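As structure tokens, the structure follows; a few thoughts come after it.
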Amino acid sequence: MSTSLDKLRAAMESASPEQGAKKSYSDDNFWKPELDKSGNGYAIIRFLPTPENEEMPWVSYFDHGFQGPGGWYIEKSLTTIGKKDPVSEYNTSLWNTNIEANREQARKQKRRLHYVSNIYVVSDPKNPDNEGKVFQYRYGKKIFEMLKEAISPAFEDENPINPFDLREEGANFKIKIRKVDGYWNYDKSEFEGVSAVAENDDKIKSIWSTQHALKPFLAADNFKTYDELKEKLNRTITGVRSADTADKTDLPPQNGSAAKSNSVTSTASDDEDDTLSYFSKLAEE
């Protein structure tokens, strides 16, 4: 149930988003923290070990999120699984025009990186019914860097811990969220001291055995096809819902005025948990 620190260090240093993922943001298996009336969020979770018959206790993936005349584009990127993606190609063509307006649009439509792990909810003041249950948790680069820091501390007076261990080598993670410039900020989040997640082995084994598989995130059939994504992109940037837009994204704007695009990517935080559920619903309309 435990993965060695050396193996985790090596995997984190070489962590590549070319690992795949596709899950609905409204999936019942997913947990997300909530803010209180003052705009702060607090919860205690435990990251779980690698699921049975899998390689690592996380997967990572890219997506794109932006708005155009034709609505919202919220889709996983095929670059996650090493394939060509129409948005990445379109962004490249925009950038290569050397027109600043086009380059700004490409920046707003850039890929966003997410990670998914299994967690055990120790404390969830806003939703106590979640406590004592196992969920999947989607998080960003900020929290992933905190996991890396726990495994490989920057200072000599700090002892490494295995954040994915359920016994004495692991520790609970306190999620502390503030609103900074309108975005969720996780900078004050931290690990508690090392401790077992439960007092007896039977409980620990029960928690581990109820994890959700991460391998399905890597499956190619959990991604839309290139043609499906290109059609969606064309509708988003042109506002035209017909086959007539089939090749419009091959030619970026040349007049210095890029198509209107409002990115939902946070510039203040790597985590957008408070917005993605809402935007994903918009994208399906």
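The values are calculated or read from the model by the stated rules, or taken from the named source; none is laboratory data. Just so we're clear, the structure is a prediction, and the values are computed from it rather than from any experiment. Note that we place each Cβ from the backbone using ideal geometry, even for glycine, and neighbour counts take in every protein chain shown.
When the residues of the range 165-189 are filtered to those that are under 18 Å from Tyr42 (Cα atoms) and loosely packed, with under 15 Cβ neighbours inside 10 Å, which remaining residue is nearest to the chain's Cα centre (by Cα)? If you could, list the steps in order and put the result at the bottom.
As a first pass, look at the range 165-189 and keep what is under 18 Å from Tyr42 (Cα atoms): 171-180, 182-189.
Next cut, loosely packed, with under 15 Cβ neighbours inside 10 Å only: 180, 182, 187-188.
Details: Val180: 19, Gly182: 19, Asp187: 17, Lys188: 19 Å.
Top of the filtered list is Asp187.
Scan the range 78-101 for residues that are polar (S, T, N, Q), in contact with an Asp or Glu (Cβ under 7 Å, 6 or more places away or on another chain) and surrounded by fewer than 21 Cβ atoms within 10 Å (Cβ to Cβ) and report the count.
1
If you go through the range 108-133, how many residues are assigned to a helix (DSSP H, G or I) and either touching a residue at least 12 places away in the same chain (Cβ under 8 Å) or surrounded by 19 or more Cβ atoms within 10 Å (Cβ to Cβ) (or both)?
Here the count works out to 2.
Inspect the range 160-171 for any residue being farther than 23 Å from Val134 by Cβ and in contact (Cβ under 8 Å) with a residue 24 or more places away in the chain and give the result as yes or no.
Checking the range 160-171: at least one residue is farther than 23 Å from Val134 by Cβ and in contact (Cβ under 8 Å) with a residue 24 or more places away in the chain.
Can you tell me which residues in the range 220-242 are modelled with pLDDT of 90 or more and either under 30 Å from Arg167 (Cα atoms) or part of a loop (DSSP other than H, G, I, E, B) (or both)?
Correct list: Phe223, Lys224, Thr225.
Looking at the range 137-145, can you tell me whether even one residue there is part of a helix (DSSP H, G or I), buried (at least 19 other Cβ atoms within 10 Å of the Cβ), touching a residue at least 12 places away in the same chain (Cβ under 8 Å) and not β-branched (Val, Ile, Thr)?
Yes, because at least one residue in the range 137-145 is part of a helix (DSSP H, G or I), buried (at least 19 other Cβ atoms within 10 Å of the Cβ), touching a residue at least 12 places away in the same chain (Cβ under 8 Å) and not β-branched (Val, Ile, Thr).
In the range 28-42, what count of residues is obtained for those that are within 15 Å of the chain's Cα centre (by Cα) and modelled with pLDDT under 90?
Result for the range 28-42: 1.
Regarding the range 243-256, can at least one residue be identified that is closer than 27 Å to Lys83 by Cβ, at pLDDT 90 or above, of a type in the set (Lys, Arg) and not in a loop (DSSP other than H, G, I, E, B)?
no
Restricting to the range 86-142, give me the number of residues that are touching a Pro at 6+ places or on another chain (Cβ under 7 Å) and closer than 28 Å to Ser195 by Cβ.
Residues meeting the conditions: 2.
Return yes when Asp129 is of a type in the set (Asp, Glu), over 20 Å from Pro49 (Cβ atoms) and at pLDDT below 95 and no when it is not. Let's see the steps before the verdict.
Details: of a type in the set (Asp, Glu): yes; over 20 Å from Pro49 (Cβ atoms): yes; at pLDDT below 95: no.
Spelling it out, it is not the case that Asp129 is of a type in the set (Asp, Glu), over 20 Å from Pro49 (Cβ atoms) and at pLDDT below 95.
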